[in-house]
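K.L.:
Could you have a look at this structure, given as structure tokens, before my questions?
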Amino acid sequence: MSDTPPSTIVVRPGPPLQGVVPIAGAKNAVLKLLAATTLAEGRFVLRNVPDIADVAWMGELLEAMGMRVDRPRAGELVVDRPAVIVPEAPYELVEKTRASIVVLGPLLARCGVARVSLPGGDDFGPRPIDMHLRALEALGATIDVAHGMLEARATRLRGARIVLEFPSVGATENTLMAAVLARGTTTIENAAREPEIVDLAEFLVRMGARIRGAGTSTVEIEGVDELVAADHTLVPDRIEAATYLAATAVAGGEVVLGGARADHMDLLLRKVEQMGVSAVACSEGVRVVAPERLRAVDVSTLPYPGLATDYKPLLVASLAVADGVAIVTENIFAGRFRYVDELVRMGADIRTEGHHAVVRGRERLSGARVRAHDIRAGAALVVAGLRAEGETVVADAHHIDRGYERFIDKLTALGASVERR
């Protein structure tokens with residue numbers, strides 16, 4: 001197999017997993033915190049920052065604006081924001097990660113103008129940013145779209161009542177970061193409630209913002225004239241924790257998710273307990289003990305505190321080797337079943353129709369050459385390979401590097417037979 005490309009992960013079945021796996025800071029939090037550093041002049045220090053590709057790309061984006069980003073030690077990022085920056089996010093950087101669209105709100109609020117390329121990111125269907133733009137327009141922005149670029153302008157934003165059609169995480173974050181410097185009070189109704197939203201709000205409050213209700217469906221922001229630089233420690237990554245939970249459930253064994261927050265994964269832990277997995281909070285994080293064979297359960301994705309759509313590929317991979325039949329429903333993104341074809345190549349019995357998938361569990365899967373289409377799908381294929389006879393070869397594994405720090409090292413430390421070639 002000398003022709004296997006460098007971005008390939010090879011998985012073989014092995015013994016049950018054992019040990020403690022450290023959970024890094026949340027990818028879905030740090031990218032938004034980095035965007036928020038554009039709001040104030042000075043030096044920011046972020047801790048518990050994962051060493052992943054998306055963070056490096058976001059750092060490049062900030063540096064393209066004239067900021068400085070350094071990593072003086074593992075887990076720490078220092079951002080220096082000068083008095084004047086270039087409020088523009090070019091296509092060659094924005095295309096790498098969709099989260100970069102959240103620089104639109106803070107740049108507009110702080111600089112009065114923002115030029116941001118239409119975003120790229122994971123390939124699992126359209127995710128329009130109409131709600132972001134309507135919210136910013138409600139705050140007083142004028143937005144033009146031409147030649148793939150968004151240009152937003154406002155002398156100073158003004159507070160408004162904004163009702164989101166859907167509790168969009170990105171729209172909530174963009175609106176929140178724009179509103180902190182707006183004149184007057186802004187109310188966001190039907191706001192997203194994810195832990196990463198709360199983390200962003202806490203960071204903004206450290207910077208001097210006045211925010212109430214973060215983590216609920218109604219968030220109130222009283223605008224201030226100026227913010228200051230601040231230090232902050234990220235919340236742990238609940239999706240990374242869910243990945244190692246799924247790996248343990250599929251491979252068997254007993255693993256502690258070090259630093260994981262059980263309260264951020266409440267519904268997921270209840271769902272895997274229905275599958276026969278013991279997953280309980282402990283002093284070190286969350287302790288996971290897998291049964292000999294998982295039980296099939298139905299799964300539906302919903303906005304937080306429902307089951308996250310990012311959990312779904314991991315749950316489908318687990319259900320593929322569970323005892324029984326499960327129905328999986330995707331309520332967030334229409335195109336997020338692309339990885340199912342790859343699991344079918346591994347012998348999984350899965351049928352999809354529209355937003356639904358029927359998963360008939362098998363005792364084991366069979367190793368095959370498969371391809372990662374996005375971050376979580378790639379991780380799910382590696383997880384499935386832990387219970388597949390022979391060798392599973394996951395191509396385009398660079399997607400996984402976007403969201404996981406030392407993914408191979410962490411799995412092998414637990415006893416998994418996984419390597420990069």
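The values are calculated or read from the model by the stated rules, or taken from the named source; none is laboratory data. All values reported here derive from a predicted model rather than from experimental measurement. A quick note on method: Cβ atoms are made from the backbone with ideal geometry, for glycine too, and the neighbour counts reach across all protein chains shown.
One line per residue, one yes/no per condition, for (1) part of a helix (DSSP H, G or I); (2) of a type in the set (A, V, I, L, M, F, W, C):
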{"residue": "Ile101", "(1), (2)": "yes, yes"}
{"residue": "Leu104", "(1), (2)": "yes, yes"}
{"residue": "Met131", "(1), (2)": "yes, yes"}
{"residue": "Phe166", "(1), (2)": "no, yes"}
{"residue": "Thr186", "(1), (2)": "no, no"}
{"residue": "Ala191", "(1), (2)": "no, yes"}
{"residue": "Leu204", "(1), (2)": "yes, yes"}
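K.L.:
Across segment 240-259, what is the number of residues that are buried (at least 24 other Cβ atoms within 10 Å of the Cβ), in contact with a helix residue (DSSP H, G or I) (Cβ under 9 Å, 6 or more places away or on another chain) and not aromatic (Phe, Trp, Tyr)?
P.N.:
Residues flagged as buried (at least 24 other Cβ atoms within 10 Å of the Cβ), in contact with a helix residue (DSSP H, G or I) (Cβ under 9 Å, 6 or more places away or on another chain) and not aromatic (Phe, Trp, Tyr) within segment 240-259 amount to 12.
K.L.:
How many residues does segment 241-272 contain that are touching a Ser or Thr at 6+ places or on another chain (Cβ under 9 Å) and farther than 20 Å from Pro50 by Cβ?
P.N.:
Here the count works out to 4.
K.L.:
Same structure again: Among the residues in segment 340-360, are any within 15 Å of the chain's Cα centre (by Cα) and either in contact (Cβ under 8 Å) with a residue 40 or more places away in the chain or not assigned by TED's automatic domain parsing to the domain that holds Glu240 (or both)?
P.N.:
no
K.L.:
So, in segment 322-333, of the ones that are part of a loop (DSSP other than H, G, I, E, B) and closer than 16 Å to Glu273 by Cα, which residue ends up nearest to the chain's Cα centre (by Cα)?
P.N.:
Only one residue tops the list, namely Ala322.
K.L.:
Can you give me the number of residues within segment 383-413 that are out of contact with any helix residue (DSSP H, G or I) (no Cβ under 7 Å at 6 or more places or on another chain) and buried (at least 24 other Cβ atoms within 10 Å of the Cβ)?
P.N.:
Adding up the residues that qualify gives 2.
K.L.:
While we're looking at this one, here's another question. Would you call Val219 modelled with pLDDT of 95 or more, in contact with a helix residue (DSSP H, G or I) (Cβ under 6 Å, 6 or more places away or on another chain) and farther than 30 Å from Val288 by Cα?
P.N.:
no
K.L.:
Among Val78, Val49, Val69, Val20, which is the only one that is outside the structural domain of Ala201 (by TED's automatic domain parsing), at pLDDT 95 or above and outside any helix (DSSP H, G or I)?
P.N.:
The conditions single out Val20.
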